[in-house]
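Asks: Let me give you the structure first, and then I'll get to my questions.
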Amino acid sequence: MFRPFPFADQGRLPRFLPLIAERFARQRLQALAKVEGHRDDGRPVVLFLCVHNAGRSQMALGFFQHLADDRAVGWAGGSEPGISVNPAAVAAMAERGIDITAEFPKPWTDEVVRAADVVITMGCGDACPIFPGKRYLNWDLDDPAGQDVDHVRPIRDEIERRVRHLLDELGVPAR
């Protein structure tokens, strides 16, 4: 059953729900506009997917947005979105000066996947969507769920290395 805002019944911070819903809807509308050919600004779109969209995909999105700035578009989603972003992932990214506290776990949607130029999967296996003609990369990374910051740092560092390599492949200069 499709739930338009699946995070609404799980949110820890209900006062932020309108903002979260607006950001989720805006992303879906931008994706739909691209899929339908109404809007394409030429920037590459990368989608990072993992199961809970709470750790690996959020760190990848954080690095991607930080390094690409506005020269590329990054989105993230999960097949079974969690309730909140992993606190150890937040802390590990903060050590690099990247704040991912404004992010929230969200589901992937068909239009978001179809709008992506590159889909990066991280541990979601058969639950990750497959659309013909899309470029898919599977990043085999340990899951930071339940880990402390000391164990998350090597995962974070490997994600950064891969994001930098991806940006280079896309011809997007990293800042």
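The values are calculated or read from the model by the stated rules, or taken from the named source; none is laboratory data. All figures in this text were calculated on a predicted structure; none of them were measured in a lab. No Cβ is skipped: glycine too gets one built from the backbone with ideal geometry, and neighbour counts run over all protein chains shown. Side chains included, ligands, DNA and RNA excluded: accessible areas come from the protein's heavy atoms. Shrake-Rupley method; radii C 1.70, N 1.55, O 1.52, S 1.80 Å.
Asks: Mind checking which residues of region 162-175 are in a helix (DSSP H, G or I) and more than 16 Å from the chain's Cα centre (by Cα)?
Replies: His165, Asp168, Glu169, Leu170
Asks: Next question, about the same structure. What helices (runs of 4 or more DSSP H) lie completely within region 37-122 and have 3 or more residues being in contact (Cβ under 8 Å) with a residue 40 or more places away in the chain and surrounded by fewer than 23 Cβ atoms within 10 Å (Cβ to Cβ)?
Replies: 56-68, 110-115
Asks: I'd like the full set of residues that are under 28 Å from Asp69 (Cβ atoms) and in contact with a Lys or Arg (Cβ under 8 Å, 6 or more places away or on another chain), limited to region 135-170.
Replies: Within region 135-170, Trp139, Leu141, Pro144, Ile155, Arg156, Ile159, Glu160 qualify.
Asks: Here are Asp99, Asp126: which of them is over 20 Å from Val172 (Cα atoms) and at pLDDT below 95?
Replies: Answer to the check: Asp126.
Asks: Shifting gears a bit: Could you grab me the full set of residues in region 133-159 that are within 19 Å of Val73 (Cβ to Cβ) and not in a loop (DSSP other than H, G, I, E, B)?
Replies: Residues satisfying the conditions are Arg135, Tyr136, Leu137, Ile159.
Asks: What's the number of the only condition in (1) more than 11 Å from the chain's Cα centre (by Cα); (2) closer than 19 Å to Val163 by Cα; (3) not aliphatic (A, V, I, L, M) that Gly146 fails to meet?
Replies: Failing condition for Gly146: (2).
Asks: Only one of (1) closer than 28 Å to Pro144 by Cα; (2) at pLDDT 95 or above fails for Ser79. Which number is that?
Replies: (2)
Asks: Please go through region 83-137 and pick out each residue that is in contact with a strand residue (DSSP E or B) (Cβ under 7 Å, 6 or more places away or on another chain) and among the hydroxyl-bearing types (Ser, Thr, Tyr).
Replies: Those that are in contact with a strand residue (DSSP E or B) (Cβ under 7 Å, 6 or more places away or on another chain) and among the hydroxyl-bearing types (Ser, Thr, Tyr): Thr121, Tyr136.
Asks: Looking at (1) at pLDDT 90 or above; (2) under 13 Å from the mean Cα position of the chain (by Cα), which is the one condition that is false for Ala92?
Replies: For Ala92, the failing item is (2).
Asks: Which one of these is aliphatic (A, V, I, L, M) and loosely packed, with under 13 Cβ neighbours inside 10 Å: Ile159, Ile130, Ile155?
Replies: Within the list Ile159, Ile130, Ile155, the selection yields Ile130.
Asks: Of the numbered conditions (1) modelled with pLDDT under 95; (2) among the basic types (Lys, Arg); (3) in contact with a Gly (Cβ under 9 Å, 6 or more places away or on another chain), Lys134 satisfies every one except a single condition; which is it?
Replies: That leaves (3) as the condition not met.
Asks: If we keep just the residues of region 19-36 that are outside any loop (DSSP other than H, G, I, E, B) and open to solvent by 90 Å² or more (accessible area, probe 1.4 Å), which is modelled with the highest pLDDT?
Replies: Ranking the candidates gives Arg26 first.
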